[in-house]
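First up is the structure itself, then whatever we jot down about it.
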Amino acid sequence: MMDLLLIENTHLRMRVNPQGGGLQELFSLTHGQPVLWDEGESALFPMVPLANRVAGNRFAFQGRDITLPQSPVDERFFLHGDGWQSPWQVASLTDTECVLTLRRQHDCGFDYQAVLRYQLREHVLRAELMLTHLGPQPMLYGLGFHPWFYFDERSRLQFSASGYWSEGEHHLPLAWQGDIPPEIDFSTARKGRDGWLNVGYSGWNGVATILRDVMNITITAQTPWLMLFRMSGKSFLCLEPQSHPVNAHHMAGQPGLVVLGPGDSTRFAMEIAVESAA
């Protein structure tokens, strides 16, 4: 196991694991409570060079049939890419931030250098991914973050969206719907039902808030796509900002995915702000 990186300021403490490039902990020192649920293998991890799943684990791109790599944790899909399963190198470390790097190559055409920065700015964690394509042929990329937030009986969630994809076979999305049903509508703050949810939202305004007993947690990202995942009886809620919807590789226009030629780069960032409840 790689040594964890301890980074803290007056307000927040985080522990970063170079194995997988994720956080093992984000804790509010101000409120004496965890921000992220840390009972799993990772409390937050990067999704690179794609987010979530691609139907058939393959897609067509510029006349090529791209077959994605096998994942060590999923028999069907290159689940969330390979960044969260890879050892990252520590490029720099200070009292309030760290920078990790990852170099990966695959026969399918993924050939990239990723730079991952975690930075504490007072009561805010900023996570930023930059990916540069190094292969000789253009390739299609997507990015995202997968945080697991602590969410108990007293917690409530609020965010706005304009549509959604419900979950189908093998956790892939069904047809897009424009009318969000009440049980998955969080436009007003609510706990929601205690059950399995795995829903992709479109038209997200880029802001989501978890209201807890002593603190409010606000997630922001410049993307219209947000995944929500929860399980019955578990004290967590995943809110996953992604640069593209799930299975965008098979959607018309491949929305949110970016074509990178040799030397081209793309970025994706998310912030988690922790403030006292009113």
**Prompt:** Around HIS80, with a cut-off of 12 angstrom between Cβ atoms, what is the net charge of the other residues, counting Lys and Arg +1 and Asp and Glu -1?
**Reply:** -2
**Prompt:** In terms of solvent-accessible area of protein heavy atoms at a 1.4 angstrom probe, what is the ranking of HIS31, HIS171, highest value first?
**Reply:** HIS171, HIS31
**Convex hull volume of the stretch 1-160 per residue (C-alpha atoms, cubic angstrom)** = 145
**Message:** Beyond 21 Å, how much of the Cα-Cα pair distribution for the stretch 76-213 remains, as a whole percent?
**Reply:** 59
**Complete:** One quarter of the C-alpha convex hull surface, i.e. the mean projected area of the stretch 163-213 in nm², amounts to 4.3
**Asked** Given the protein chains as shown and a 1.4 Å probe, how many square angstrom of ARG103 are accessible, to the nearest 10?
**Response** 100
**Item:** Dipole in debye (nearest 20) - the chain, about Cα centre, beta carbon charges: Lys, Arg +1; Asp, Glu -1
**Value:** 280
**Message:** Could you tell me the center-to-center distance, by alpha carbons, between the stretch 180-223 and the stretch 140-156 in angstrom?
**Reply:** 10
**Solvent-free Debye scattering, log10 I(q)/I(0), computed from the Cα coordinates of the stretch 18-75 at q = 0.28 Å⁻¹** = -1.19
**Message:** Pick from THR209, THR30, THR218 the residue whose mean-square fluctuation is largest in a GNM of the chain, springs joining Cα atoms under 10 Å.
**Reply:** THR30
**Once the Cα gyration tensor of the stretch 122-278 is diagonalised, semi-axes √(5λ) in Å** = 28, 20, 12
**Asked** Tell me, what is the per residue accessible area of the chain in Å², probe radius 1.4 Å?
**Response** 42
**Item:** Accessible area of LEU5 in the full protein assembly, 1.4 Å probe (Å², nearest 10)
**Value:** 20
**Request:** Can you send over the carbon and sulfur percentage of the accessible area for the chain, probe radius 1.4 Å, protein chains only?
**Result:** 48
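The values are calculated or read from the model by the stated rules, or taken from the named source; none is laboratory data. Quick caveat: nothing in here was measured; it's all calculated off a predicted structure. Don't worry about glycine lacking a Cβ; one is built from the backbone with ideal geometry, like all the others, and counts go over all protein chains shown. Heavy atoms of the whole protein, side chains included, go into the accessibility calculation; ligands, DNA and RNA do not. Shrake-Rupley method; radii C 1.70, N 1.55, O 1.52, S 1.80 Å.
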